[in-house]
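The values are calculated or read from the model by the stated rules, or taken from the named source; none is laboratory data. These numbers come from a predicted model, not from an experiment. Every residue, glycine as well, gets a Cβ built from its backbone with ideal geometry; the counts of neighbours run over all protein chains shown. For accessibility, only protein heavy atoms count, side chains too; no ligands or nucleic acids. Shrake-Rupley method; radii C 1.70, N 1.55, O 1.52, S 1.80 Å.
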Amino acid sequence: MLIRTKHLLTMLAVAGITAVASTANAAVTTYTAGNLLLGFRETGATSSVIVNLGAGGTYRNDTSTPSSPLIAVPTSAGLAASLAATFGSDWYTSGTVTWAIVGALGAAGVAPDGPFTLYGSREESVYGTQGSAYARAASGIQSTPSASLQSAGSFFSGVENGLTPNLSGLVQSNVGADSWDTRFAASQFGYSGTWDLDGILGSTSQLDLFRMQTGTGAGAYEGSFIIGSDGLVSFSSTAPFTAAVPEPGRAVLLGLGLSGFLFRRRRQA
């Protein structure tokens, strides 16, 4: 089944995503309430890698169908290089580097998202099968992780860009109450519900993104993200990505070929 996908590597090349302020020699990171932050961390590491994916509304009910990747290869290579420099050359296969996507609106909200709307990722337990949505909660509960995320966003913002090429992202020290790593260590931004934002990087890792407006019931599924060893992040707005499988015709031919080979070996024996 063809899945409508949006290829993105955070920030550049997606129209309308967060603008990057620039200084005379380097860009600085930016953050606005409602932006999604994509972060990579590893227990025991001294730094994390965080990138601004732009407004959560960009992914909400997204129905675009680009015919080609929207991300230049050098851009994805820049993220891959930063991940390798931070976590080692085996960052994609080590099984110790995690990634997560979070976002939140403050008391004002941005229509049609109301005050304290939260966005959060959940890794699929079975690749290609959509995970369970997070539960929505009252504003008095969702305001806590919202405030925590705003603090982390402010800590992220206004720092000279540490990623190359110029993504709206940085390699951030794991020091400080509002650093990505510290906030995750403190109950993953302090939501009283069951947050399970982190996913283990690798070829079978897929993050489902859910949007939780205040209230009751389950949050809304907005799409799924995967990342390749080349640093290219892809987003599907319609359904999770599925693993490639052999075409039925080829599978049958392969089976017949093996059967014939085994039969010949038996006759020779």
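Miscellaneous remarks
- Condition met for Ala72 (in contact with a strand residue (DSSP E or B) (Cβ under 9 Å, 6 or more places away or on another chain), aliphatic (A, V, I, L, M) and modelled with pLDDT under 90): yes
- Just one of the listed residues (Thr98, Thr144) is assigned to a strand (DSSP E or B), surrounded by fewer than 24 Cβ atoms within 10 Å (Cβ to Cβ) and of a type in the set (S, T, N, Q), and it is Thr98.
- For the stretch 2-10, the count of residues that are of a type outside the set (Ser, Thr, Tyr), more than 22 Å from Ser157 (Cα to Cα), part of a strand (DSSP E or B) and modelled with pLDDT under 90 is at least one.
- Scanning the stretch 183-208 for residues that are among the hydrophobic types (A, V, I, L, M, F, W, C), open to solvent by less than 10 Å² (accessible area, probe 1.4 Å) and in a strand (DSSP E or B) gives a single hit, Leu207.
One line per residue, one yes/no per condition, for (1) part of a helix (DSSP H, G or I); (2) at pLDDT below 85; (3) loosely packed, with under 12 Cβ neighbours inside 10 Å:
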site: Gln172; (1), (2), (3): no, no, no
site: Phe210; (1), (2), (3): no, no, no
site: Val245; (1), (2), (3): no, yes, yes
site: Ala251; (1), (2), (3): yes, yes, yes
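- Scanning the stretch 212-243 for residues that are open to solvent by 40 Å² or more (accessible area, probe 1.4 Å) and among the charged types (D, E, K, R) turns up just one, Asp230.
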